[in-house]
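The block underneath contains the structure these notes are about, expressed in structure tokens.
Just so you know, all these numbers are worked out from the coordinates, no wet-lab data involved. Small disclaimer: the values here were computed from a predicted structure and weren't measured. Counting neighbours? That spans all protein chains shown, and the Cβs are built from the backbone with ideal geometry, glycine included.
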Amino acid sequence: MVSSKTEIPGTGADLETRRKARLKKLACWLLVDLSVAAVIFALLLYRPGLYNPDSIAPASYKEEQVHPYLTYLSSELYNGAQRAKPFELLVTQKEINEVVAGLGWPMMSEGIMLYAPAVLFVPGSIVLMGTADIKGMEFVVTIGLELKVDEQGLLNLQVAKVKIGAMNITPLAKMMARKMYAQRLATVPVDTEALQTKIVASLLNDQPFDPVIKVENRKVRVAKIAVAEEKLTLHLVPAS
């Protein structure tokens, strides 16, 4: 049986109450969204305390010359290789930063201006830092690298972390870097046996490689890498 009663629409007071409840709910969500956005923005703009590029000054030498410290390292590597005995090659943070500072900054990459680089040697890892200018907004980019020689003597260079400010974007950064490198491989001939190619493959794909360096008529292998405060030591042995 169909009821003959008709539904009584909500009164004006009820409609007003529901409208206010919806507005209150919307305001709460907007507040949450704004709070999240503010936190993300603050994380992106965070400037790590370790980053102090103003303290780094490039060494004074003619632009067309090789940096004196690189000449020194090359000489140490050559002399050690010629002795055909195990030896160590010490790289210091201060001098390597002078080399990096003199490489011609700022540089442009994909519409982003990069400048004020810094290299930090901390126990167990290498930290690369720099400022990225994106349409007038400045962000500090941090890349942490770990260098490990496994039981088979293969070297793996791992990107342990990538940060913009204080925000960790490691998975996203690795995915984008792999995509860009794959596109480059598809368009430009690359010598897959070249040391620099193996280094890139290790960084992007965690592919270990035999760390053999050819020094004129001799070869040396990186047997161990030790990273301490402000210094990196390569332990090298003769290789066939």
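If one puts a single equal scatterer on every Cα of the chain and applies the Debye formula without solvent, what log₁₀ I(q)/I(0) results at q = 0.08, 0.11, 0.17 Å⁻¹? Per q value, in the given order, log10 I(q)/I(0) is -0.46, -0.73, -1.49. Within the listed set A37, A223, A173, the Gaussian network model of the chain (springs between alpha-carbon atoms below 10 Å) gives the highest mean-square fluctuation for A37. Protection proxy ranking of 83-95, 185-197, by the mean of other Cβ atoms within 10 Å over each peptide's residues and highest first, is 83-95, 185-197.
Taking the chain as a Gaussian network of alpha-carbon nodes connected by springs under 10 Å, the highest mean-square fluctuation of the residues S35, S202, S125 belongs to S35. The order of D150, D206, going from fewest to most other C-beta atoms within 10 Å of their C-beta, is D150, D206.
Can you list the DSSP H helices in the chain whose Cα atoms extend at least 20 Å along the helix axis and whose mean Kyte-Doolittle hydropathy is 0.5 or higher?
Values: long enough: 12-45 (49 Å, 0.85); 68-83 (23 Å, -0.62); 170-187 (26 Å, -0.23).
Those that clear 20 Å and a mean of 0.5 are 12-45.
The mean sequence distance of close C-alpha pairs (under 8 Å, at least 6 residues apart), as a share of the length of the chain, puts its relative contact order at 20 percent.
By per-residue mean of other Cβ atoms within 10 Å, what is the highest-first order of 102-110, 127-135? Don't jump to the answer; show the numbers that get you there.
Values: 102-110: 11.4, 127-135: 16.2.
Highest to lowest by the protection proxy: 127-135, 102-110.
Between M167 and K231, the FRET efficiency from the beta-carbon distance, with R0 = 35 Å, is close to 0.75.
Using Cβ point charges alone (K and R +1, D and E -1), the dipole size of the chain about the Cα centre works out to roughly 860 debye.
Taking the DSSP beta bridges in the chain as the whole, what percent of them are antiparallel, to the nearest 5? Working shown, then result.
On the way: 51 of 51 bridges.
Of those bridges, close to 100 percent are antiparallel.
As a calculated quantity, the FRET efficiency between L145 and K24 at R0 = 35 Å, using C-beta atoms, amounts to about 0.10. Shown is the FRET efficiency for E76 and V122, computed with R0 = 22 Å from the Cβ-Cβ distance and rounded to the nearest 0.05: 0.40.
Distance between the modelled labels on K214 and S240, one decimal in nanometres: 1.8 nm (7 Å Cα→Cβ projection).
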